[in-house]
Each structure stands twice: as C-alpha cells, then as structure tokens.
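The structure appears right after this line, and notes come after that.
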Amino acid sequence: MANWLSGLFRAKTGDVTGSYASTYSVPITQTSFTTPQLSLPIPSSGKYLIFAKVYLSNTNQAGGTARVDCKLSIGGGGGDLDNSGSTLDPSYGSYATITLHSAWDFAAASSVDLYCLTFFNAPAEAANIKMSAMRVDQLTHGSLP
C-alpha cells in the first residue's frame, strides 16, 4: 500500500509531512460561521490534501429538526475550501456524519478551520471531530470522465 500511495501522490519516503487534530465534543449553537469548532495547523508551505470528519448529533430536547452545515476554511478568513450539511431527524440523539475534503497549495504556514452552524437556533453537537492534512509533492486538478 505504501508504494501505491507514494505513486499516487508522487511523494518520496520522508517527504510526506502533515498534521492532525481532533476533539471529542463541541456544542453547535451558532447561527453563523463565527467561531471554529476546530483549527488544524498547517506546519509549512506546500501542497496539502485536507480531510475532516464530523459526527453530528441532534441535542434538541424538544425533538425538533436540526439542520447543520459545516465548512473547511483557510485560517484567518482566507477562503472556503469545502462545505456540506445534513438535516437531522426530529428526535433527540438522531445523528449523521459529514465528511469534508479539499486540496490547497499554501504559500506559508497557516491553518485550516472547521466551522459548523445550526439553523433556527436548534441545538446540535459536533463530536469525534477529526481533521488531517498531508503534504504532497504534486497536485493535479482534473475532471473524471
């Protein structure tokens, strides 16, 4: 498998670097993307593949529907990388998983922030958040046939 990954990303052994961040449980009560749920440091300039996973849970005790949107953004307001959302069933404890993915060429050390918001002030929770970034030698953008 290591040879496959090395060929896919054109990275030599020792050239792949990255960072990883996780948090267990963060309440989502905001109705705007103001405070990140988690921030992932990007240690140095270069091309990175960025991944995030968020486990969402409806914490609305009244049993109402919770709509949650999450996005990856370059730290310091540098722009959005990816976004996704889910509408959670109208029962306390209903859940969904959101995954986000992007690639970016950073000119210097930076960060990637994960934001989540709810609509209509419905309470929800982001749990078991995982974010990672892996530096690669080349990124090629193209369309699938």
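Can you compute the modelled spin-label distance between residue 31 and residue 127, with each label point 7 Å from Cα toward Cβ, in nm?
The answer from the label model is 2.6 nm.
Counting Lys +1, Arg +1, Asp -1, Glu -1, what net charge surrounds residue 88 among other residues with beta carbon under 11 Å of its beta carbon?
That sum, taken over residues with Cβ under 11 Å, equals -1.
Using the basic label-point model (7 angstrom from Cα toward the beta carbon), what is the residue 39 to residue 24 distance in nanometres?
Rounded to a tenth, the inter-label distance reads 2.3 nm.
On the principal axes of its Cα set, how long, how wide and how thick is region 18-134? Give whole Å, largest value first.
So the extents along the principal axes, rounded to whole Å, are 47, 21, 17.
Using the Cβ atoms and a cut-off under 15 Å, what net charge is assigned to the surroundings of residue 122, where Lys and Arg are +1 and Asp and Glu are -1?
Combined, the nearby Lys, Arg, Asp and Glu give -2.
For an R0 of 25 angstrom, estimate the FRET efficiency from the Cβ-Cβ distance between residue 108 and residue 87 and round to the nearest 0.05.
0.05
Is any residue of region 108-145 close enough, with backbone N under 15 Å, to a label point placed 7 angstrom from the Cα of residue 62 along the Cα-Cβ axis, and if so, which?
119-124
FYI, it's all coordinate maths here, none of it is from the lab. Bear in mind the structure is a predicted one, so any value in this text is a computation, not a measurement. With ideal geometry, Cβ positions are generated from the backbone for all residues, glycine too; neighbour counts draw on all protein chains shown.
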